[in-house]
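The values are calculated or read from the model by the stated rules, or taken from the named source; none is laboratory data. In this text, all values refer to a predicted model and were calculated from it rather than measured experimentally. Using ideal geometry, Cβ is built from the backbone for each residue, glycine included, and neighbour counts are taken over all protein chains shown.
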């Protein structure tokens, strides 16, 4: 996979959160990865920010608070849905495994148990 780079411009935090929610709702994995890289870059830069930059980021966080709450709920629902899908996939795999075993047993055991005319 090509290495993702953080966008050159620093979008408002609110824009990142809104776009992350939208990408998650659309299951846009490539865009979610790009946004994750942007967030990681933002976190790495926190230590090197001066007081003014930190105040600006705090302002953005306050303005994005409602959108972040929406994103948190979407992530929770997505996580729950992912767990349900994983369990359904596991159940389906077990059922397929069972069905294949039953077919093999029926093909192997059924022919030996019957006469040529179909009677025991």
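For residue 41, the stated conditions do not hold, so it cannot be described as more than 22 Å from the chain's Cα centre (by Cα) and under 19 Å from residue 15 (Cβ atoms).
Scanning region 8-24 for residues that are at pLDDT below 75 and either surrounded by 13 or more Cβ atoms within 10 Å (Cβ to Cβ) or touching a strand residue (DSSP E or B) at 6+ places or on another chain (Cβ under 6 Å) (or both) turns up 10, 11.
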